[in-house]
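Here the structure comes first, spelled out in structure tokens, and everything after it is commentary.
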Amino acid sequence: MTDPDKAQAQDRRLAGSAITGGRLRSLLLELWQRTRFDWGFVSDRLSQTFRKETWLGAHDRRFVAETLYGMVRQLRRIDAAVSRGGRRGAPRDTDRLLAYLLLDGLITAADAARAEPALDWGAVATIDEHIARERDPAKRVALACSLPDWLAAHLVADWGDRAEAVARSLGQRAPMTVRANRLKTTREALAQAFAAHGLTTTPGRFADDALVVDTRTNLFALPELKAGLFEMQDEGSQLLAALVAPGPSTSLRTIGGVVVDLCAGAGGKTLALAAMMDNKGQIYATDDDKRRLAPIHERLTRSGARNVQVRTPKSVGGEIDDLAGRCDLVLIDAPCTGTGSWRRNPDAKWRMRPGALEQRQKEQAEILERAVPLLKAGGRIVYVTCSVLDEENGAQVRAFLVRHPEFSLQAPADVTKVLGERAFMFGNAARLSAEGILMTPRTTETDGFFVAVLKRG
């Protein structure tokens, strides 16, 4: 643990001891109740609160944010602990807050007992040993890693004995990772610029442009972001761009390379590909949801990317009909359950309902079909999800190949050529299957991503 981390941990312990009563506790309970009401995005709730509650200092804001995220991540474990402590019926929100602080080592059982003497806080503190004795694997994973039962069952079916370790890794806090924009700077120069702000950084394990910012800070406030020198992007997402557009010899780096990003969203992968292609070729970015696509315009302007056209969807459709039969590559960052992004969006697992997986599978199959007529002979579909579930990954690829025997699976890239001496380490860390590559926080220390490449004969 670095000195700044030790100081932040001490700040959290002091705040935790003080929160057994007072204004900060009231604010946290209000935030928690609003979050639980509809499982809206925690990041939005926090931003609104911090703008309104100007009395909060930097340490208090950090404490509030980490505590709220922690309660969302660990809800089922917390509720099981409160129940073990003797609370009958539904846990009270005050019980939940105190249980989280106790389990996270921020207060002692004596602190909790002074605030709420009715519970056996010693029993609350031993919940993990109690859960470990649960014989049903899916139930154990659901409680230990705070998942809905049906999602835990899918994880166990896919991952077997490794399900709990994978689920735990998805429940950790994600690092702050940025992509140095090679159109304007280098990773080394960006690290020096961050150091001038007093920020410590570490190069990513695999992606050439990835930089992990070790010092907790507000990256949106840095002038380097406004200047387009970097974008926030998980290393796994960066690595996908490198694997599908690996080097100067590929057609994507020539004037004739035509790429469609069919689910561009806010444009993270579009921007990464534009930089990989060194502003050569042409990328067309579109998305069914024009609201998700809206931020891409500002990001493109500051990035210096000149090889991207945005095709905003129209009510009548047809915004990319003119590209039929012309494309070298269609990137599909498919709509999915988002299980691989729970580190950043833990609230998403509570918004999801049984039946959501089947709906996403239907949408994935439909968007794969939309990609087919866009490709020229020899063109590729790059199918990506931020999911760790086989139903959305390998199973979806296998079903597509049955429907389209003219396509064949292709390795995303010569990993050795892309990663060099890091290729062996990546091969041991990622889950390589017949259908594609799967990354998880447990092994590659990235978000969970799956990528498969389908080549038209």
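Amide H contacts for Thr443 (H built 1.01 Å from N in the peptide plane; partners 5 or more residues away or on another chain; cut-off under 5 Å): none found. Given +1 at the Cβ of Lys and Arg, -1 at the Cβ of Asp and Glu and no other charges, the dipole of the chain around its Cα centre is 540 debye to the nearest 20.
Contact order for the chain, expressed relative to its length and based on alpha carbon pairs under 8 Å spaced 6+ residues apart, stands at 13 percent. The C-alpha atoms of the chain define a longest principal axis, and helix 42-52 lies at about 70 degrees to it. Only helices enter this figure: runs of n ≥ 4 DSSP H residues, each worth -39500 (n - 2.57), summed and divided by the residues of the chain, yield -13000 deg cm²/dmol at 222 nm to the nearest 500. Taking a ≥ b ≥ c as the square roots of the eigenvalues of the Cα gyration tensor, an a/c ratio of 1.5 or more together with a/b larger than b/c marks region 3-133 as prolate. Each residue of region 235-456 gets 127 Å³ once the volume of the Cα convex hull is shared out per residue.
In percent, rounded to a whole number, the relative contact order of region 176-232 is 47, using alpha-carbon pairs under 8 Å and six or more apart. Converting phi to 3J(HN,Hα) with the Karplus coefficients 6.51, -1.76 and 1.60 and the offset θ = phi - 60°, region 28-34 yields 5, 5, 5, 4, 4, 5, 5 Hz in sequence order, with x at every glycine or proline. Here region 343-448 yields Rg over Rh of 0.99, to two decimals, using C-alpha coordinates and the Kirkwood radius. Of interest is the spacing of the C-alpha centroids, which for region 357-394 and region 146-207 amounts to 24 Å. Considering only DSSP beta bridges whose two residues both sit in region 153-302, what percent are antiparallel, to the nearest 5? Counting DSSP beta bridges with both partners in region 153-302, the antiparallel share is about 70 percent. Here the 3J(HN,Hα) profile of region 285-294, calculated from phi with Karplus coefficients 6.51, -1.76 and 1.60 at θ = phi - 60°, is 10, 8, 7, 4, 9, 5, 5, 5, 7, 3 Hz, Gly and Pro shown as x. Coupling constants for region 121-132 follow from the phi torsions by the Karplus curve (6.51 cos²θ - 1.76 cosθ + 1.60, θ = phi - 60°), and in residue order they are 6, x, 5, 4, 5, 9, 4, 5, 5, 5, 5, 4 Hz; glycine and proline get x.
Relative to its residue count, the chain spans a Cα convex hull of 154 Å³ per residue. Residues whose amide H comes within less than 5 Å of that of Ile283, counting only those at least five positions distant or on another chain, are Val259, Val308, Gln309 (H built at 1.01 Å from N in the peptide plane). Relative to the first principal axis of the alpha-carbon coordinates of the chain, what is the inclination of helix 3-18, with its axis defined by its Cα atoms, in degrees from 0 to 90 and to the nearest 10? On a 0 to 90 degree scale, this one is about 40. Most tightly packed first, judged by the mean number of other beta-carbon atoms within 10 Å of their residues, the peptides 106-112, 89-95, 269-275, 202-208 read 269-275, 202-208, 106-112, 89-95. With the convex hull drawn around the C-alpha atoms of region 176-232, the volume per residue stands at 67 Å³.
The charge dipole of region 3-133, taken about the Cα centre with unit charges on the Cβ atoms of Lys, Arg (+1) and Asp, Glu (-1), comes to about 280 debye, rounded to the nearest 20.
Highest-first packing order for the peptide set 444-456, 345-357 is 444-456, 345-357, based on the mean count of other beta carbon atoms within 10 Å.
Rule-based calculations on the coordinates, nothing more; no lab input. Every value quoted in this text rests on a predicted model; they were computed, and no experiment measured them. Glycine gets a Cβ as well: all are built from the backbone with ideal geometry, and neighbour counts include every protein chain shown.
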